[in-house]
1. For the stretch 116-259, with equal point scatterers placed on the C-alpha atoms only and solvent neglected, what are the log10 I(q)/I(0) values from the Debye formula at q = 0.13, 0.19, 0.21, 0.22 1/Å, to two decimals?
2. Arrange 145, 150, 137, 110 by Cβ neighbour counts within 10 Å, fewest through most, would you?
3. Counting only C-alpha contacts under 8 Å and six or more residues apart, can you give the relative contact order of the stretch 121-258 as a whole percent?
4. Given points 7 Å out from each Cα along the Cα-Cβ axis, report the residue 247 to residue 217 separation in nanometres with one decimal.
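FYI, it's all coordinate maths here, none of it is from the lab. All values reported here derive from a predicted model rather than from experimental measurement. Positions of Cβ are backbone-derived with ideal geometry, glycine not excepted, and every protein chain shown enters the neighbour counts.
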Amino acid sequence: MTETRKAHGRRRADTPSTWTGMLVTLPPRTLDPETVDAAAPGRSRRAGDVRRGIRPGVFVGLGTAALAIMAVTTLAILPNVLSEASAQTQAAEPPAQSLDIAAAAPLAAVPRDTYTADPGVDTYVAGGTNRDWASLVLLYGGWPVTESNVTVMMRWMRQENYEKSWWNRNNPLNNGWGSGGGSGLGSYPNLRVAAQNAAEALHTHPGYAGIRDGFAASAPTEVIEAAIWASPWASSHYHNGAHWHYTPTQTIKAPADAW
């Protein structure tokens, strides 16, 4: 009886079918070979039957499952998070504001800077009239081109030359300074040069100080004209104004070649 049990035990231990039935119930390729060997010391190990540890595919499967769980969790939580964030943003927005203005509200005047541009030499030359030449003399002399100063200059020009030929010899004031004629009968190359010499002459001679001061101050016309009569510009001194004409002057343009 004893022998029979031993023999029967060996037969069961040596019979592969018993282990095969047990292995079927376990996950394939997940057994540690050392565990199998310990349970079946009589079974021989063949190279390549079972690899040590868990295969890499098992880790990939576990990682994929974890990511799937995380994705499902995120999708479940995200709508609530977005809803709360939207509610907080709306709560943070300031209330709408409005401003009512009465239809009859007065408009305040806004002060603005102004600027002016003074004509230059080219502007007066392009104009080409006796008024432009009078203004050019004042410009070259550094005096203000005001209505008072221009009026005196145009009256003075009319005393020296006929108004309708005021550009005669390109010397409207019969100036002897730089014209080659000490008596004032000389001429200039053009009216621009004549204006330069007229301003220079008035600045040079000490007897013209009263004229310079009158132009500089844009004094009343009678003050400047009295200074002209008292000066040595004309030997007749214009008969102290007795021959001075006060009728309005005409604006006449000189020929283009005079400039």
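1. Here log10 of I(q) over I(0) equals -0.50, -1.17, -1.49, -1.66.
2. Least to most surrounded, the residues fall as 110, 145, 150, 137.
3. After rounding, I find 28 percent.
4. According to this spin-label approximation, the distance is 3.2 nm.
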